[in-house]
Amino acid sequence: MSQAKSPIIDQDARASWLPMIVIAMGQMLMSFNVAAIPVSMGGMVESFQTPPTTVGTAVVLYSLGVSGFIMLGAKLSQRFGSKIFFQMAVALFLVAMITIVASPTAEVMLAGQAIAGLAGAALVPTLVVLIADHYRGKQQAEAVGWLGSARAIAGVLAFVIVGSVATWLSWRYAFGLLIVHAAMLLLLSFKLKRSQPNPKVGIDLFGVLLSACGVILITFGFNNLRNWGVTIASPAAPFDIAGVSPAPAMIVVGVVVLAAFFAWSQGRAKRGKTPLLALDVVDSPLEWGTVVALFCIVSIEGAINFSVPLYIQIVQGNTSLATSMAMMPFMLTVFFTAILIVRLYKRFTPRQIATGAFLLVAAGTAWLAFVIRNDWSVPPVIAGLVMVGLGQGALVTLLFNVLVTASPKELASDVGSLRGVTQNLAAAVGTALVGAMLVGLLTSVIVANLGDNPVLKAELADHVNLSNLNFMSDAQLEERLGGVGVSQLQVTEALQINRDARMRALKTGFFVLSGVALLALVPCRWLPAYRPHEIPGEATSRVKRSN
């Protein structure tokens with residue numbers, strides 16, 4: 001009798017939350033870094049004398065490192081043990097932050113972010129495994145929810161702390177805080193359970209090559225659309241393909257290489273060998289719908305996190321602290337929604353929640369396109385950010401929960417790597433694409449207005465360098481025009497053209513994001529119609545078969 005009851009007692013027992021604090025700190029370490037980059041945009045631009053899109057490249061390089069090698073990290077963590085691999089990743093992240101703080105040039109800073117990306121590739125898959133090692137049943141579901149919320153918490157803290165420190169001291173001190181964070185995390189990690197290594201886990205090196213090459217080609221293709229050209233190759237392109245830009249070609253080839261990776265992995269599994277990614281985590285429309293929906297919302301998040309600081313710091317010329325205060329309603333809404341959304345799980349299905357959330361995001365971004373003005377803090381703009389935050393906070397937590405509960409515990413590492421690839425590739429693509437789109441719109445509007453304006457002389461275009469336009473504040477444009485002998489009337493006209501172009505580019509960008517959110521309603525139809533209290537086990541199997 002006692003033996004029959006013991007499994008129930010073990011299942012219901014509450015484990016200590018200390019390991020979850022350590023795991024959440026690992027998630028916050030990575031999320032804080034990503035959120036700190038756009039807040040530090042103004043300081044980095046001034047320190048390195050570089051365009052703001054270079055700062056966007058830092059986000060892309062970090063995300064590239066994570067998404068390109070996270071599946072390798074997942075297998076290595078299985079082979080050597082998740083705890084020791086977690087500690088190695090934190091140590092590497094510590095090295096990356098030291099490199100960034102001490103960076104004398106933008107290139108060194110970018111190299112530091114690339115190293116941080118490799119550390120993230122090792123960290124991300126271990127987080128889900130560590131949760132599975134320490135928690136069971138309802139407590140495991142709560143832990144998964146807190147892991148999703150940790151990302152939002154880090155975003156809030158980053159905007160407050162980095163904004164304040166970067167304004168009053170320097171952006172370098174803000175990243176210096178991550179050195180302290182990583183060192184503390186390394187010490188606390190010894191409180192985690194020792195995980196058993198599995199030397200029998202094979203490493204599919206050809207699969208690593210295929211997946212990394214596919215992700216790198218897609219990321220670099222999107223990141224260089226602006227410099228190399230969307231269709232016709234620009235003079236900055238390293239080469240052209242019969243006059244066509246290599247950027248879209250890289251994206252297409254990258255997609256083909258990723259398709260080859262999935263085909264290779266399927267063949268490897270049929271031969272009885274361990275694939276780099278267990279295809280069981282993407283073997284139904286349920287999982288594919290979740291992955292596509294997650295990609296869409298994280299892409300939108302990356303675009304907003306780039307666009308808003310760009311506007312406030314570069315266009316308006318405000319401080320990092322002003323950026324933090326402007327973004328605070330958005331970040332707080334994401335945070336509280338990510339935590340509280342679990343209360344709706346017993347009343348609504350994932351499909352219903354995701355559909356409503358994407359509609360909120362679409363409405364919020366469209367509203368922002370209508371109401372955005374030079375004063376970012378006006379109530380209508382705050383209302384738009386709150387709407388987007390409600391949808392985003394609900395989606396990130398919900399979709400992560402669907403991925404975790406749709407697969408058995410032994411695939412936790414593969415679920416973690418799939419989530420990491422999706423989120424970081426989406427962040428890179430969203431940031432790169434919105435940067436290229438905004439600068440392209442800016443260039444088109446300025447060129448059109450210069451050609452139609454009777455006050456500005458034709459030779460003024462030579463001083464503005466129309467082939468290499470980027471976002472500039474009024475002060476930067478006045479300084480550039482000050483030494484070329486133009487009249488005050490021409491300077492006034494040029495400033496007005498620049499203001500109009502910046503505003504129109506940003507408005508159009510938000511309309512495009514609204515369209516992406518509406519398109520995401522399609523994969524939402526593939527999400528399950530069950531409620532989480534029906535999981536695990538049989539309910540999950542029924543859902544997979546029914547889809």
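The values are calculated or read from the model by the stated rules, or taken from the named source; none is laboratory data. Since we're looking at a predicted model, the values are computed, not measured. Glycine gets a Cβ as well: all are built from the backbone with ideal geometry, and neighbour counts include every protein chain shown. The accessibility values were calculated without ligands, DNA or RNA, using every heavy atom of the protein model including side chains. Shrake-Rupley method; radii C 1.70, N 1.55, O 1.52, S 1.80 Å.
Below are the figures for this structure:
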item: Thr290 being modelled with pLDDT of 75 or more, polar (S, T, N, Q), part of a helix (DSSP H, G or I) and open to solvent by less than 10 Å² (accessible area, probe 1.4 Å); result: yes
item: Counted residues, region 425-444 - those being open to solvent by 20 Å² or more (accessible area, probe 1.4 Å) and modelled with pLDDT under 75; result: 4
item: Those residues of region 316-342 which are part of a helix (DSSP H, G or I), surrounded by fewer than 23 Cβ atoms within 10 Å (Cβ to Cβ) and modelled with pLDDT under 75, in sequence order; result: Leu321, Ala322, Met325, Ile339, Val342
item: Residues satisfying the stated conditions in region 402-418, i.e. assigned to a helix (DSSP H, G or I) and modelled with pLDDT under 75; result: Leu403, Val404, Thr405, Lys409, Glu410, Leu411, Ala412, Ser413, Asp414, Val415, Gly416, Ser417
item: Cβ pairs under 9 Å, 6+ apart, first in region 265-279 and without any contact (Cβ under 8 Å) to a residue 60 or more places away in the chain, second open to solvent by 20 Å² or more (accessible area, probe 1.4 Å) and polar (S, T, N, Q); result: Leu279/Gln266
item: Complete set of residues in region 92-115 that are over 22 Å from the mean Cα position of the chain (by Cα), more than 14 Å from Phe175 (Cα to Cα) and in contact (Cβ under 8 Å) with a residue 12 or more places away in the chain; result: Thr105
item: Hey, Phe85 aromatic (Phe, Trp, Tyr), modelled with pLDDT of 80 or more, under 21 Å from His181 (Cα atoms) and open to solvent by less than 10 Å² (accessible area, probe 1.4 Å) or not; result: no
item: Verdict on Ile304 being at pLDDT 75 or above and surrounded by 18 or more Cβ atoms within 10 Å (Cβ to Cβ); result: yes
item: Only listed residue being within 21 Å of the chain's Cα centre (by Cα) and open to solvent by 20 Å² or more (accessible area, probe 1.4 Å), chosen from Leu209, Leu205, Leu258; result: Leu258
item: Contacts under 9 angstrom Cβ, first residue in region 202-226 being more than 20 Å from Arg79 (Cα to Cα) and without any contact (Cβ under 8 Å) to a residue 60 or more places away in the chain, partner among the polar types (S, T, N, Q) and open to solvent by 20 Å² or more (accessible area, probe 1.4 Å), 6 or more apart; result: none
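Conditions (1) open to solvent by less than 10 Å² (accessible area, probe 1.4 Å); (2) of a type in the set (Gly, Ala, Ser); (3) within 28 Å of Gln196 (Cβ to Cβ); (4) modelled with pLDDT under 75, marked per residue:
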{"residue": "Thr99", "(1), (2), (3), (4)": "no, no, no, no"}
{"residue": "Ala114", "(1), (2), (3), (4)": "no, yes, no, no"}
{"residue": "Leu118", "(1), (2), (3), (4)": "no, no, yes, no"}
{"residue": "Lys138", "(1), (2), (3), (4)": "no, no, yes, yes"}
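Condition check ((1) among the acidic types (Asp, Glu); (2) modelled with pLDDT under 85; (3) touching a strand residue (DSSP E or B) at 6+ places or on another chain (Cβ under 8 Å); (4) not in a helix (DSSP H, G or I)) across all residues:
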{"site": "Gly356", "(1), (2), (3), (4)": "no, no, no, no"}
{"site": "Ser377", "(1), (2), (3), (4)": "no, yes, no, yes"}
{"site": "Leu390", "(1), (2), (3), (4)": "no, no, no, no"}
{"site": "Gly393", "(1), (2), (3), (4)": "no, yes, no, no"}
